[in-house]
Each structure stands twice: as C-alpha cells, then as structure tokens.
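Q: Got a structure here, written out as structure tokens. Questions coming.
The values are calculated or read from the model by the stated rules, or taken from the named source; none is laboratory data. Keep in mind the model is a prediction, meaning the values are calculated, not measured. All Cβ positions, even for glycine, are placed from backbone atoms using ideal geometry, and neighbour counts span all protein chains on display.
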Amino acid sequence: MPTKKVTTKKAAPKKGAKMPAKKDAAKDLSSLFEDGLKDLYWAEKALVKALPKMQKNASDSKLKKAIGDHLEQTVNHVSRLETCFEALGKKPQAKKCDAMQGLLEEGTSIMQETEPGSVRDAGIIAASQKVEHYEIASYGTLAAFAKVLGHKSALQELLKTLKEEKKCDELLTGIADTNLNTKAI
C-alpha cells in the first residue's frame, strides 16, 4: 500500500506573539534602508510594465495623458533609485514588493470587472491612487531614513521622487473631480 507523503507547515505565531526574525533580517537602520530601496526598485520596475496597460484601458483623454506622463516619470524614478544604490556603493538590486504586486493585481482586477468608459476610468484612478499613496508612504519613510543616516545625495533623489508622487496623486484627484466620477454614476 503506497504511503502518503506528509508535509508539515510551520505554525503561524499565536495572536499577540512575537514574530521571529528571518536569518537575513535587517539588524540596523542602514540594512532596513537598503531593503526599502530594493523593495521600491522592484515596485517602480513593475509599474513601468503595468502603466501602459492602464493607459490603454483608460478612455478619458486627461487620464490617458496623466498615465503616460507618469510612465515617463516612473522610468526616471527607477534611475533615481539606481543613483541611490550607487551612492551607497551598492549594485542596484530588486526585491519583490508584495504590496505593489497586490496593488497591481487589484488594478488589473478592477479593469476586468468594469465596462470600458467612465466607470473603468474611475476604477483606474482609484487603483492608481492606492499605488501613489503606497509610494508616498515608502518614499517618505526612506527619505527620513536617509536623513538620519546622513545619505545626503540619496535623500535628495528620494525627495524629488516623493514630490512627483504627491503631484501625481493630486492630478488624479483633479481628474476624478472634473465630472469623471459623476459620469460613472
């Protein structure tokens, strides 16, 4: 009689229990900063691939233009992150960003679950603003880390991108507020 292979999973920590650290866990702010750069590098590169699909699925001309313009900025964001790695004497390296992957999957799902036109446009804006808010939080945090760690050139690059991410969020709000959401009713 064939035996059944039994696999065991590590049990999840109990509610309220301390989370054990992985072997390669960050041990100081510098390591946490570098991990954050890797995370954002992956996220920005994933956005470079995702934005053209969003632009193609948008119908509002202002939204299409905003997405196209942000795609150009995102390519620059990737370059700025590479500059940050170089300033640290590190080779640019991406580490899968689970948060961005989830946000991009949600954006794809929204496009699949909405009819083309103003409803889809409203969904694209909603998904895009979630991405922007994640990026604003991430760049803001890394800028604070860079400041404390004395990484002046990295700080300047991160602040430039943070400013652009905030402007993009404001632009998306403006597009939604110019009757786009009303049309989606």
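Q: If you check 30, 79, 59, which single one turns out to be touching a Gly at 6+ places or on another chain (Cβ under 6 Å) and among the polar types (S, T, N, Q)? Outline the logic, then answer.
A: On the way: 30 fails: touching a Gly at 6+ places or on another chain (Cβ under 6 Å); 79 fails: touching a Gly at 6+ places or on another chain (Cβ under 6 Å).
On inspection, the qualifying residue turns out to be 59.
Q: With respect to residue 20, is the statement that it is at pLDDT below 95 and either more than 30 Å from residue 85 (Cα to Cα) or not in a loop (DSSP other than H, G, I, E, B) (or both) true? Give the derivation first.
A: On the way: at pLDDT below 95: yes; either more than 30 Å from residue 85 (Cα to Cα) or not in a loop (DSSP other than H, G, I, E, B) (or both): no.
Judged against the criteria, residue 20 is not a match.
Q: Okay, next question. I'm trying to understand the selection: among the residues of segment 130-143, which are crowded, with 19+ Cβ neighbours inside 10 Å and either within 23 Å of residue 184 (Cβ to Cβ) or not aliphatic (A, V, I, L, M) (or both)?
A: Residues satisfying the conditions are 131, 132, 135, 138, 139.
Listed here are the residues, each with its yes/no results for (1) in contact (Cβ under 8 Å) with a residue 24 or more places away in the chain; (2) buried (at least 16 other Cβ atoms within 10 Å of the Cβ); (3) touching a Cys at 6+ places or on another chain (Cβ under 9 Å).
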| residue | (1), (2), (3) |
| --- | --- |
| 128 | yes, yes, yes |
| 150 | no, no, no |
| 165 | yes, yes, no |
| 173 | yes, no, no |
| 180 | yes, yes, no |
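Q: While we're here: Conditions first: (1) under 24 Å from residue 31 (Cα atoms); (2) of a type in the set (Lys, Arg); (3) crowded, with 17+ Cβ neighbours inside 10 Å. Residue 120 passes all but one, so which condition is the exception?
A: (1)
Q: Which numbered condition trips up residue 88, out of (1) hydrophobic (A, V, I, L, M, F, W, C); (2) within 25 Å of residue 183 (Cα to Cα); (3) over 17 Å from the mean Cα position of the chain (by Cα)?
A: In the conditions (1) hydrophobic (A, V, I, L, M, F, W, C); (2) within 25 Å of residue 183 (Cα to Cα); (3) over 17 Å from the mean Cα position of the chain (by Cα), residue 88 misses (2) alone.
Q: Given the conditions (1) of a type in the set (S, T, N, Q); (2) more than 27 Å from residue 173 (Cα to Cα); (3) buried (at least 19 other Cβ atoms within 10 Å of the Cβ), which single one is not true for residue 31?
A: Going through the list (1) of a type in the set (S, T, N, Q); (2) more than 27 Å from residue 173 (Cα to Cα); (3) buried (at least 19 other Cβ atoms within 10 Å of the Cβ), residue 31 breaks only (3).
Q: Consider only pairs whose beta carbons are under 6 Å apart and that are at least six residues apart or on different chains; among these, list those whose first residue lies in segment 25-38 and is without any contact (Cβ under 8 Å) to a residue 40 or more places away in the chain and whose second residue is surrounded by 12 or more Cβ atoms within 10 Å (Cβ to Cβ).
A: What qualifies is 26/32; 26/35.
Q: Surrounded by 15 or more Cβ atoms within 10 Å (Cβ to Cβ) and either aliphatic (A, V, I, L, M) or more than 15 Å from the chain's Cα centre (by Cα) (or both), is that true of residue 146? Reasoning before the result, please.
A: Numbers: surrounded by 15 or more Cβ atoms within 10 Å (Cβ to Cβ): yes; either aliphatic (A, V, I, L, M) or more than 15 Å from the chain's Cα centre (by Cα) (or both): yes.
When the stated conditions are applied, residue 146 passes them.
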